[in-house]
């Protein structure tokens, strides 16, 4: 059963936990760690690989929902006793953060196709850059483009609520969107622009927070009671603990606010990801080529942080 994102106070003292009472939110792994496509063989490789590395769930991208067979995917998840989340980002040709009504409509259709696929798979989280194209804009979002994004997402949230699906908006750095770059931006957008729908949460990614936030702790606290999904990734997208991201600080902050939603490892290598997506994500160099070793190392690192923070 999925853990529902709990209420998180804006400020919270360290929570005293008895030694041995393990803090255990669900740990996930992004499917792109193992495969850049989703044929049956690739899907089984990714799901089985994440399971064998020790993860509870796998995040399956829906950049093109038509290329993901939900029946096959659901069967494989059940076979390997794995849970799932789904994610995507929009393109400039199908962008709801736009003044072009036809472009907005293409983005809207893509989001609703992804929602239908997520429902068919049995996913309870649809996350990622749901609100804009993933790429560098030439200027800030206009009031009209922002309003279009909010309107479409309100519609999507209503439909997702009927399906029992939570939306999580992943804020990303200034070079990958012009709309939501910080936790504070995202929380305000949900509350003020979207009207505070109860099934919409903030998706915090350590890679992006490392670039845009003053600290991981401030980022977590700025989410308030709307932190619902977390990505763990290093500054260079490689092995955890080998870059400059304050990952221990992030885990401490998550524990202090008693966060129990998914924590999902994300990393990219052009040895695995398609050329098109590698170019979109600016993966110009590879820091790994062994998916199994990377995933096992990531799970061990994350589990060690959970144990360490269960004892404070």
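Summary table below
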{"read-out": "Listed residues 200, 272, 220, most fluctuating in the chain (Gaussian network, C-alpha, under 10 Å)", "value": "272"}
{"read-out": "Segment 109-149-segment 221-284 distance, computed between alpha-carbon centres (Å)", "value": "19"}
{"read-out": "Gyration tensor (alpha-carbon) shape descriptor, segment 173-312, a/c threshold 1.5", "value": "oblate"}
{"read-out": "Length-normalised contact order for segment 27-310 - Cα pairs under 8 Å, 6+ apart - percent", "value": "18"}
{"read-out": "Fraction of alpha-carbon pairs over 33 Å apart in the chain - percent", "value": "17"}
{"read-out": "Protection proxy ranking of 154-167, 24-37 - average other beta-carbon atoms within 10 Å, highest first", "value": "24-37, 154-167"}
{"read-out": "Extension gain (nm, one decimal) between residue 79 and residue 101, 0.36 nm per residue minus Cα-Cα", "value": "3.6 nm"}
{"read-out": "The chain: antiparallel DSSP beta bridges as a percent of all, rounded to 5", "value": "5"}
{"read-out": "Extension gain from residue 161 to residue 225, taking 0.36 nm per residue of separation minus the Cα-Cα distance", "value": "21.2 nm"}
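Where a number appears in this text, it was derived from the coordinates with a stated rule and is not lab data. Quantities reported herein were computed from a predicted structural model and do not represent experimental measurements. Positions of Cβ are generated from backbone atoms using ideal geometry, with glycine treated the same way; all protein chains shown enter the neighbour counts.
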